[in-house]
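The values are calculated or read from the model by the stated rules, or taken from the named source; none is laboratory data. The model shown is predicted, which means the values in this text are computed figures rather than measured ones. Using ideal geometry, Cβ is built from the backbone for each residue, glycine included, and neighbour counts are taken over all protein chains shown. Only protein heavy atoms, including side chains, enter the accessible area calculation; ligands, DNA and RNA are left aside. Shrake-Rupley method; radii C 1.70, N 1.55, O 1.52, S 1.80 Å.
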Amino acid sequence: MFGSMRNMFTSDMAIDLGTANTLVYVQGKGVILNEPSVVAYTIKNGKKEVLAVGEDAKLMLGRTPGSIEAIRPMRDGVIADFVAAEEMIKHFIRKANARSKISKPRIIVCVPYGATPVEKRAIRESVLRAGARKAGLIAEPIAAAIGAGMPIADPTGSMVVDIGGGTTEVAVLSLGDIVYARSARVGGDQMDDALISYLKRHQNLLVGEATAERIKKAIGTAKMPVDGKGKAIKIRGRDLLNGVPKEIEITQAQVADALSESVQQIVEAVMTALESTPPDLAADIVDRGVMLTGGGALLGNLDLALREQTGLSISIAEDCLNCVALGTGKSLEYEKQLTHILDFEA
Ligand SMILES: Nc1ncnc2c1ncn2[C@@H]1O[C@H](COP(=O)(O)OP(=O)(O)OP(=O)(O)O)[C@@H](O)[C@H]1O
Ligand SMILES: [Mg+2]
């Protein structure tokens, strides 16, 4: 009752500040903004000015002339460029909060489980400077699990694996809190890099990050195709031997080969988590299976590869790209029950 009255006057927000994508959730409205975490600057007379943020800025990545710089402020799940991160947060808050100029929102942001106190303080301060009245933090795996609809408050073990752009966070939750969590520096970015080096090494072809990501989304797979080849697509890049553009065909088998190390790291992160979990909770996970969230969960056959190699049953969360933002937003609704994990202190 009081909660809903209060929310009529303020517009609490939740932000999933991701390495690849930033999402904004507004209470009562859901996820209303989802854009790449990219900021583009123009450089005039040695001074930097923001030119574009989000979708528009991503189109410029890897395609900028000398006078424009496109930056990804987040790396490995944490802020790598503070100035750019703050500009980005400011821009998105303004965009999401366009109508209610009167009140400053309370904003909750999710942070990787392994974030250091310094990193947490930096995120909190950026959000406050970007215009929040109060800034709260929640651990990303808890947000992912809430967003995926897992029964995190129950006295049973739940395992969630959030595969993002920068990191893969594996967590075991019970009774509304984290029993085990580890963040592995493997995710979509590393897969893109693996494809870039594979093409360099095996095809003498240089491609950019955007092309690598496009290949991964189009025909990416975690398992070798049964016919040893699978689907194929044409891609363009620069021939490293003579420097001119060239087009080649790349098969799913080649992509599976390129991505196998990243996939193996995800498998190992899950196995390590299972081995480090107290036996009764581990038994729950064997019964109930594992939930995948994050964009990396969409990699073709990743669920099958994980099932085969861990023996666990694997589900992909509905709306897996939105889970963390949804869960961060929903955590505000359960604020009273979640005081131990929602951290609004400075
Ligand atoms: N169909 C797909 N197949 C494979 N990968 C995909 C697919 N769709 C999206 N991705 C990858 O998912 C990643 C983005 O996922 P997500 O938005 O969950 O990351 P993030 O939250 O920004 O990162 P992090 O949580 O590490 O900070 C990108 O690397 C993107 O290439
Ligand atoms: Mg994420």
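Being under 24 Å from the mean Cα position of the chain (by Cα) and not hydroxyl-bearing (S, T, Y) is a property that G243 lacks.
Can L299 be described as within 16 Å of ligand 1 (Cβ to nearest atom) and modelled with pLDDT of 95 or more? In short, yes. Among the residues of this structure, G311 does not count as one that is open to solvent by less than 40 Å² (accessible area, probe 1.4 Å) and either away from ligand 2 (no atom under 16 Å from the Cβ) or under 17 Å from G157 (Cα atoms) (or both). Condition test on L304, is it within 21 Å of T168 (Cβ to Cβ) and either acidic (D, E) or in a strand (DSSP E or B) (or both)? Spelling it out, it is not the case that L304 is within 21 Å of T168 (Cβ to Cβ) and either acidic (D, E) or in a strand (DSSP E or B) (or both).
So, in the stretch 15-39, of the ones that are outside any strand (DSSP E or B) and in contact (Cβ under 8 Å) with a residue 24 or more places away in the chain, which residue ends up surrounded by the fewest Cβ atoms within 10 Å (Cβ to Cβ)?
Taking the stretch 15-39 first, the residues outside any strand (DSSP E or B) are 18-20, 27-29, 37-38.
Next, from what is left, pick out any that are in contact (Cβ under 8 Å) with a residue 24 or more places away in the chain: 18-20, 27, 37-38.
Numbers: G18: 27, T19: 22, A20: 22, Q27: 19, S37: 28, V38: 25.
In this case the residue turns out to be Q27.
Reported count of residues in the stretch 161-190, each being within 16 Å of ligand 1 (Cβ to nearest atom) and open to solvent by 40 Å² or more (accessible area, probe 1.4 Å), is 4.
Scan the stretch 218-237 residue by residue and report those that are in contact with a Gly (Cβ under 9 Å, 6 or more places away or on another chain) and free of Cβ contacts under 8 Å to residues at least 40 places away in the same chain.
M224, G237
Looking only at the stretch 112-170, residues that are within 13 Å of ligand 2 (Cβ to nearest atom) and charged (D, E, K, R) come to 3 in all.
Okay, residues lined up against (1) under 25 Å from V270 (Cβ atoms); (2) among the polar types (S, T, N, Q); (3) in a helix (DSSP H, G or I):
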residue	(1), (2), (3)
H91	no, no, yes
I107	no, no, no
V118	no, no, yes
V127	no, no, yes
A145	yes, no, yes
A153	yes, no, no
G166	yes, no, no
S183	yes, yes, no
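Only a single item in (1) farther than 25 Å from R63 by Cβ; (2) open to solvent by 40 Å² or more (accessible area, probe 1.4 Å) is not met by R238, and it is number (1). No other residue among E69, E35, E55, E87 is in contact with a helix residue (DSSP H, G or I) (Cβ under 9 Å, 6 or more places away or on another chain), among the charged types (D, E, K, R) and under 26 Å from D192 (Cβ atoms) apart from E35.
For L321, state whether it is under 20 Å from Q252 (Cβ atoms), buried (at least 18 other Cβ atoms within 10 Å of the Cβ) and at pLDDT 90 or above. Against the criterion (under 20 Å from Q252 (Cβ atoms), buried (at least 18 other Cβ atoms within 10 Å of the Cβ) and at pLDDT 90 or above), L321 does not qualify.
Please list, ordered by first then second residue, the pairs with beta carbon atoms under 7 Å, 6 or more apart or interchain, first in the stretch 292-311 and of a type in the set (D, E), second open to solvent by less than 10 Å² (accessible area, probe 1.4 Å). These pairs meet every condition: D303/L292. The condition (being surrounded by 15 or more Cβ atoms within 10 Å (Cβ to Cβ), more than 16 Å from ligand 2 (Cβ to nearest atom) and over 22 Å from G165 (Cα atoms)) is satisfied by just one residue among Q254, Q203: Q203. Checked against the criterion of being free of Cβ contacts under 8 Å to residues at least 40 places away in the same chain, within 16 Å of ligand 1 (Cβ to nearest atom) and not hydrophobic (A, V, I, L, M, F, W, C), the candidates D193, D154 yield just one match: D193. If only residues of the stretch 65-80 that are closer than 20 Å to K44 by Cβ and surrounded by 15 or more Cβ atoms within 10 Å (Cβ to Cβ) are counted, the one that is farthest from the chain's Cα centre (by Cα) is I68. Listed by first and then second residue, the pairs with beta-carbon distance under 7 Å, at least 6 apart or on different chains, first residue in the stretch 123-147 and under 17 Å from D81 (Cβ atoms) and more than 16 Å from ligand 1 (Cβ to nearest atom), second open to solvent by 10 Å² or more (accessible area, probe 1.4 Å) and among the basic types (K, R), are A130/K90. The condition of being at pLDDT 90 or above, more than 12 Å from ligand 1 (Cβ to nearest atom) and not polar (S, T, N, Q) holds for only one of V26, V118, that being V26. Taken over the stretch 19-39, residues that are over 21 Å from L51 (Cα atoms) and small (G, A, S) amount to 2.
Residues of the stretch 196-216 that are in contact (Cβ under 8 Å) with a residue 24 or more places away in the chain and charged (D, E, K, R): K200, E209, E213, K216. Looking across the stretch 282-292, the residues that are part of a helix (DSSP H, G or I) and open to solvent by 30 Å² or more (accessible area, probe 1.4 Å) come down to A283, D284, V286, D287, R288.
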